[in-house]
1. LEU133 - would you say it is under 26 Å from ASP46 (Cα atoms), of a type outside the set (Gly, Ala, Ser), buried (at least 16 other Cβ atoms within 10 Å of the Cβ) and free of Cβ contacts under 8 Å to residues at least 12 places away in the same chain?
2. Identify, by number, the condition in (1) touching a helix residue (DSSP H, G or I) at 6+ places or on another chain (Cβ under 7 Å); (2) of a type outside the set (Val, Ile, Thr); (3) at pLDDT below 95; (4) farther than 26 Å from ASN6 by Cβ that LEU119 doesn't meet.
Amino acid sequence: MEKVRNDIKKAIIKKDRLNVNYNESFTESNYTNGVSKSCDQIIHFDLRQVFDKLKVHLVSLCEQKEAERINEESIKSPGFVETFPNYAISGYAHSSQDGIDGVTIFGTKLLQSGATVDLSIWTPLSDSNYPYLEDLSLDIQACDWEVSEYLFSDKWGIKQEMLDFEADEPKEAEEKPKKRGRRKKEEEVPVIDMYA
C-alpha cells in the first residue's frame, strides 16, 4: 500500500466542529491532492486545549495590553492561558510570504461592551524577532498533531445524546413477616335453592 503524507494547511473550529484544509501527498505516485473537509463530529477536549495555547501568542503578536504579563516563565506555566478569558482562538493556517514559511493565528477578543473584535496575525516560523518563537513552533506542532488525530484516528469528543441513569434493579420481593392479630370470621352465606 502506498504511503500517504497529510500536511495540515488550515484548521478552523466553528461551533465545536472542525473545518480543515490539508494536502494529501502520495509519495510513490508523486502527486498531491488538496482536501477541504467540514467535519460533523464534535472536537475532543484535547484539541480545544492545544488551540487555546495559541492565545498567548495571539495576545503577544497583536501587541495587546495584556501582553505585558507574558514572559519566558509565564508562557511555559500550566494554566497561564486561562488568564486570557476574553480571547478565543478560532484557528490557524500554515502559509508563506515571500518564500518564508510562517503561521497565521485567527482569534477574537471579547470587549467589555460585549462586542467582539476579530484578530489575525502572521508570523514567520524562522528568523523572527518574536521572543517566544520556539514555544509557538511547539504549540503549532501540537495543534497539527491533534488535528491529525481528529481526522485520521477518530479522536472526537463524545456527544451525549441522552442521559444514562442507572436503573434501579427491582428488588426481589421480600417475604414480609406475618402479622399477628385476629382473623376475620368467615361468614357463612346461606345457599338458597330456587327449585325447591
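The values are calculated or read from the model by the stated rules, or taken from the named source; none is laboratory data. Everything numeric in this text was worked out from a predicted model, so none of it was measured. Virtual Cβ from ideal backbone geometry, glycine too; neighbours counted across all protein chains shown.
1. Spelling it out, LEU133 is indeed under 26 Å from ASP46 (Cα atoms), of a type outside the set (Gly, Ala, Ser), buried (at least 16 other Cβ atoms within 10 Å of the Cβ) and free of Cβ contacts under 8 Å to residues at least 12 places away in the same chain.
2. (3)
For every residue, the table says whether it meets (1) touching a strand residue (DSSP E or B) at 6+ places or on another chain (Cβ under 8 Å); (2) touching a residue at least 24 places away in the same chain (Cβ under 8 Å); (3) loosely packed, with under 11 Cβ neighbours inside 10 Å.
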position: ASN6; (1), (2), (3): yes, yes, no
position: LYS9; (1), (2), (3): yes, yes, no
position: ILE12; (1), (2), (3): yes, yes, no
position: LYS15; (1), (2), (3): no, no, yes
position: THR27; (1), (2), (3): yes, yes, no
position: LEU61; (1), (2), (3): yes, yes, no
position: ALA67; (1), (2), (3): no, no, no
position: ASN71; (1), (2), (3): no, no, no
position: SER74; (1), (2), (3): no, no, no
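Matching residues to (1) in contact with a Gly (Cβ under 6 Å, 6 or more places away or on another chain); (2) not aromatic (Phe, Trp, Tyr):
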{"site": "GLU68", "(1), (2)": "no, yes"}
{"site": "ILE75", "(1), (2)": "no, yes"}
{"site": "PHE106", "(1), (2)": "yes, no"}
{"site": "ALA115", "(1), (2)": "no, yes"}
{"site": "LEU119", "(1), (2)": "yes, yes"}
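Here is a yes/no grid of residues against (1) over 20 Å from GLY107 (Cα atoms); (2) at pLDDT below 90; (3) part of a loop (DSSP other than H, G, I, E, B); (4) over 17 Å from the mean Cα position of the chain (by Cα):
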position	(1), (2), (3), (4)
ASP7	yes, yes, no, yes
ILE12	no, no, no, no
VAL20	no, no, no, no
GLU24	yes, yes, no, yes
GLU28	yes, yes, yes, yes
THR32	yes, yes, no, yes
VAL35	yes, yes, no, yes
LEU47	no, no, no, no
VAL56	no, no, no, yes
